[in-house]
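The values are calculated or read from the model by the stated rules, or taken from the named source; none is laboratory data. The model shown is predicted, which means the values in this text are computed figures rather than measured ones. Here Cβ is always computed from backbone atoms with ideal geometry, including for glycine, and neighbour counts include all displayed protein chains. Surface accessibility is based on the protein's heavy atoms, side chains included, excluding ligands, DNA and RNA. Shrake-Rupley method; radii C 1.70, N 1.55, O 1.52, S 1.80 Å.
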Amino acid sequence: MFSFLKKTTPPPATPAAPSAASTEASTEANSGEPKASWRERLFQGLARTRAQWGGKLKSVFARGKVDDELLEELETLLLTSDVGIEATTHLLDELKKAAKRDKLDTPQAIQDALANALHAILQPLEKPLDVSTHSPYVIMIAGINGAGKTTSIGKLAKYFQSQGKRVLLAAGDTFRAAAREQLQTWGERNNVTVIAQESGDPAAVIYDAIAAAKARGIDVVLADTAGRLPTQLHLMDEIAKVRRVIQKIEPEGPHETLLVLDANIGQNALAQVKAFDKAISVTGLVVTKLDGTAKGGVVAAIARQCPKPIRFIGVGEQIDDLRPFVARDFVDALFAQ
Ligand SMILES: Nc1nc2c(ncn2[C@@H]2O[C@H](COP(=O)(O)OP(=O)(O)OP(=O)(O)O)[C@@H](O)[C@H]2O)c(=O)[nH]1
Ligand SMILES: [Mg+2]
């Protein structure tokens, strides 16, 4: 049987949600986007990538001229940061062109030229999600085990609520009771309804959630799904079926199919994008755990080899650690001194 949960009392703060963050969060909800504080979090989140790049880049750029040695060292650095061969080749070509055109002769000028070339690659992926086109706007979330799907849903619930949207969560991961409970906890923290089912079919839960959303005038439905590997073909068939069932109640849905990628998986992200896209027509990406990796370069590889809009990036476990992808902020955070 379906169990409908509507909680009004948020649970006590968990270790992952210290009170400082909660206080800041509520201020944000009332006073709009606090750009500085998100930028700070982004910069902090990418500190590890920057620490790896920063030091090495400095010594590479210290040559003060774009010669073969610099290009070789830079190539190694980009490849070991998961930028991937295509994007690396492209960036080196752009740097060579800029060096010829603009006579780059200081470390700073070389760094700026590389940052601009990276920005040019990433900018086309900056396409913020517009949930105002349908009501309810149905977002299906997919990805491999542990990518950060459920956590991202919790963060997105807060994000959309802060924009005045009414949000409902669908516990489409019916494999584990713990998965349902995890989503319910996020629902409680955000004070939003979670549609769950004791056991059974993910498609049925999500169908039911959309029906409930229609009846209640909900703006955004966030549908969780169980983690699965692209090689688990029966599970890929299952998620394709979830998609078809959604279309029975919402012919144009899901309006967004988000693939959640853990940035730590590096180049494997490319294979995941391709496989999930084939099964469920991915329309956008959420790249998580950029704080935990020294390999943020994977977003450049995605941009060149399997471009999909990066709707959001995650740089931590706090509720506010997920925001729309802004290419300039991302590049700035990678290159900040
Ligand atoms: N550091 C960091 N941790 C994150 C981020 N996003 C998610 N996590 C953590 O990653 C772990 C897995 O997150 P979940 O949201 O449970 O992942 P999932 O994809 O739902 O996992 P399954 O349902 O098991 O497939 C949790 O410990 C999260 O706190 C992030 O941006 N940064
Ligand atoms: Mg989950």
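Side notes on the structure shown:
- Extension gain, residue 79 to residue 119, is 12.7 nm, computed as 0.36 nm per intervening residue step minus the present C-alpha separation.
- Between helix 35-45 and the chain: long-axis angle, C-alpha atoms, 0 to 90°, nearest 10: 70 degrees
- Relative to the longest principal axis of the Cα atoms of the chain, the long axis of helix 177-190 lies at roughly 80 degrees.
- The chain - percent of accessible surface contributed by carbon and sulfur, probe 1.4 Å: 52 percent
- Subtracting the Cα-Cα distance of residue 176 and residue 106 from 0.36 nm times their residue separation leaves 19.6 nm of extension gain.
- Result for the chain in a Gaussian network model with C-alpha springs under 10 Å: among 65, 158, 97, the largest mean-square fluctuation is at 97.
- Using a probe of 1.4 Å, the accessible surface attributed to residue 151 totals some 40 Å² when neighbouring protein chains are kept in position.
- Surrounding net charge for residue 145, when Lys and Arg each add one and Asp and Glu each subtract one, Cβ distance under 12 Å: +1
- Distance from the alpha carbon centroid of segment 100-140 to that of segment 243-304 works out to 18 angstrom.
- Residues whose amide H lies under 5 Å from that of residue 195, counting only those 5 or more places away or on a different chain, are 169, 170, 171; hydrogens are built 1.01 Å from N in the peptide plane.
- Under a Gaussian network description of the chain, with springs only between Cα atoms under 10 Å, the residue in 256, 198, 126 that fluctuates furthest is 198.
- A Förster distance of 30 Å, applied to the separation of the beta-carbon atoms of residue 69 and residue 47, puts the FRET efficiency at 0.60.
- Electrostatic dipole magnitude of the chain [Cβ: Lys, Arg +1; Asp, Glu -1; Cα centre; debye, to 20]: 400 debye
- D (Stokes-Einstein, µm²/s), Kirkwood Cα radius, the chain, 1.567 mPa s at 4 °C: 62 µm²/s
- Only DSSP H runs of four or more residues enter the estimate; each adds -39500 (n - 2.57), and after division by the residues of the chain the mean residue ellipticity at 222 nm equals -16500 deg cm²/dmol.
- Extension gain for residue 39-residue 96 works out to 17.4 nm (0.36 nm per residue, less the C-alpha to C-alpha distance).
- Taking every protein chain into account, the 1.4 Å probe leaves residue 291 with about 50 Å² of accessible area, to the nearest ten.
- Per residue, in Å², the accessible surface of the chain once ligands and nucleic acids are set aside, probe 1.4 Å: 43 Å²
- Residue order by solvent-accessible surface for 159, 207, 137 is 207, 159, 137, largest first, with ligands and nucleic acids left out and a 1.4 Å probe.
- For the chain, share of DSSP beta bridges that run antiparallel, in % to the nearest 5: 25 percent
- Reducing segment 187-201 and segment 34-96 to their Cα centroids gives an inter-centroid distance of 42 Å.
- Length-normalised contact order of segment 44-125 in % [C-alpha pairs under 8 Å, at least 6 apart]: 34 percent
- Cα-based helix-to-principal-axis angle, 107-122 vs the chain, degrees rounded to 10: 30 degrees
- Close amide H contacts of residue 138 (hydrogens built in the peptide plane, cut-off under 5 Å, sequence separation of 5 or more or a different chain): 221, 255, 256.
- Cα pair distances of segment 44-125 binned at 5 Å [whole percent]: 3, 15, 26, 29, 18, 7, 2
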